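Single-structure report; data block below.
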Amino acid sequence: MPENEKKIIAVVGATGAQGGGLVRAIMRDKAGPFTARALTRDVKSDKARALAALGAELVAANVDDVESLKRAFAGAYGAYCVTFFWEHFSAEKEIAEARAMAQAAKHAGIQHAIWSTFEDTRKWVPLSDNRMPTLQGKYKVAHFDGKAEANADFTKLGVPTTFLLTSFYWENMIYFGAGPKKGPDGKLALTYPMGDKKLPGMAAEDIGKCAYGIFKRGREFIGKTVGIAGEHLTGAQMAAGLTKAMGQEVRYNDVPPDVYRSFGFPGADDMGNMFQFKRDFESDYCGARSLELSRSLNPELQTFSQWLARNKDRIPLD
């Protein structure tokens, strides 16, 4: 299909983990019906240039600026909308950014938006429940609850939207300090407050591929919530996978959520609450993320062992 006949998908955060994966999935499918418009604050960055080299159109846009988003969405068929909590740690800011994207999508007449969101954990753990601390005055898991609140902005404006529930990126082991660490005894341990419960996880690249699968299915998932994951694994299973891939023992170190929250890195309280939510409501959380559906959207969906085979050398073992 000639480029000028292809439908444009505008991808917010195109140089990030989710958006980058989607842009690459779209541009690699040469015979597909779509082309990618990569939205980024810095069109001159190395990551942006790499997307341009694949044939993606680069457009400067800022999620804090609704007018820039309106311009960037103009003429597009679809939009992939995502926010990045860890840049500012503010649920309020995420809600404002999502509202700007929803308004821009409505203004541009977007026919299919995908909003990368999460559960509102307060439906399971009300603010009055002291099992986990309340954060920022009104959230339990701020980087979940803010996104969930923003769902209503897409719905109220009548934007045709698929609500995408993503999973823990295995790349968090590379970039976010969530990988194995050496203890005082020099032995490696993976430390999560998950008990023996399963954690849905996936390769970040596969989020974009699954999102592309949703766009390719037309209107099927508009108005629906779709949860995706590569595998549901316990901490012990992840440690066993790491042990095999690394060729050295990695133990699973289960800690209480209170201990995890006390680790003191930026966002430790939010991460501790997140893991506690996933642990305490495992059946709901895993149940919302179908491996079968994920694979039907993305036949190349990686398992943890497949991801490790490609990425084990990138995981810092400090």
With the requirement that a residue be aliphatic (A, V, I, L, M) and either closer than 20 Å to PRO160 by Cβ or touching a residue at least 60 places away in the same chain (Cβ under 8 Å) (or both), what does region 84-128 give you? ALA98, ALA100, MET101, ALA102, ALA104, ALA105, ALA108, ILE110, ALA113, ILE114, VAL125
Given the conditions (1) open to solvent by 20 Å² or more (accessible area, probe 1.4 Å); (2) closer than 29 Å to ILE315 by Cβ, report the number of the one that TYR212 does not fulfil. (1)
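Would you mind finding the one in ALA245, ALA239, ALA229 that is in contact with a Leu (Cβ under 7 Å, 6 or more places away or on another chain), modelled with pLDDT of 95 or more and closer than 18 Å to PHE277 by Cα? If you could, list the steps in order and put the result at the bottom.
Numbers: ALA245 fails: closer than 18 Å to PHE277 by Cα; ALA239 fails: closer than 18 Å to PHE277 by Cα.
After ruling out the rest, the residue left standing is ALA229.
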Is at least one residue of region 137-157 in contact with a Ser or Thr (Cβ under 8 Å, 6 or more places away or on another chain), touching a residue at least 24 places away in the same chain (Cβ under 8 Å), under 24 Å from ARG217 (Cα atoms) and β-branched (Val, Ile, Thr)? no
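Between ILE214, ILE222, which is outside any helix (DSSP H, G or I), touching a strand residue (DSSP E or B) at 6+ places or on another chain (Cβ under 8 Å) and not acidic (Asp, Glu)? Working first, answer last.
On the way: ILE214 fails: outside any helix (DSSP H, G or I).
Going through ILE214, ILE222 in turn, the sole match is ILE222.
Do any helices (runs of 4 or more DSSP H) entirely within region 74-189 hold 2 or more residues that are of a type in the set (Asp, Glu) and either open to solvent by less than 10 Å² (accessible area, probe 1.4 Å) or under 23 Å from ALA60 (Cα atoms) (or both), and if so, which? First the steps, then the outcome.
Details: elements: 91-108, 142-156, 172-175.
Once the helices (runs of 4 or more DSSP H) in region 74-189 are filtered for at least 2 residues that are of a type in the set (Asp, Glu) and either open to solvent by less than 10 Å² (accessible area, probe 1.4 Å) or under 23 Å from ALA60 (Cα atoms) (or both), what remains is 91-108.
Inside region 190-209, can you point out the residues that are open to solvent by 10 Å² or more (accessible area, probe 1.4 Å) and not in a helix (DSSP H, G or I)? Before the answer, list the steps.
Step one: list which residues in region 190-209 are open to solvent by 10 Å² or more (accessible area, probe 1.4 Å), which gives 191, 195-198, 205, 209.
Correct list: THR191, GLY195, ASP196, LYS197, LYS198.
Give me the residue from region 1-43 that is in a loop (DSSP other than H, G, I, E, B) and touching a Leu at 6+ places or on another chain (Cβ under 9 Å) and, out of that set, surrounded by the fewest Cβ atoms within 10 Å (Cβ to Cβ). Spell out how you get there, then give the answer.
Let us first name the residues in region 1-43 that are in a loop (DSSP other than H, G, I, E, B), namely 1-2, 6, 12-16, 29-33, 41-43.
Then keep just the ones that are touching a Leu at 6+ places or on another chain (Cβ under 9 Å); that gives 12-15, 43.
Working: VAL12: 30, GLY13: 23, ALA14: 29, THR15: 22, VAL43: 17.
Once the filter is applied, the top-ranked residue is VAL43.
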Would you tally the residues in region 1-57 being under 17 Å from PHE73 (Cβ atoms) and hydrophobic (A, V, I, L, M, F, W, C)? 15
Residue in region 87-101 that is polar (S, T, N, Q), more than 23 Å from the chain's Cα centre (by Cα) and under 30 Å from PHE275 (Cα atoms) present: no
VAL59: passes all of (1) outside any helix (DSSP H, G or I); (2) closer than 22 Å to GLY213 by Cα but (2)
When region 177-191 is checked residue by residue, the ones that are under 17 Å from the mean Cα position of the chain (by Cα) and without any contact (Cβ under 8 Å) to a residue 24 or more places away in the chain are ALA178
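The values are calculated or read from the model by the stated rules, or taken from the named source; none is laboratory data. A quick note: this is a predicted structure, and the numbers were derived from the prediction, not measured. Counting neighbours? That spans all protein chains shown, and the Cβs are built from the backbone with ideal geometry, glycine included. SASA here: full protein model, heavy atoms, side chains in, ligands and nucleic acids out. Shrake-Rupley method; radii C 1.70, N 1.55, O 1.52, S 1.80 Å.
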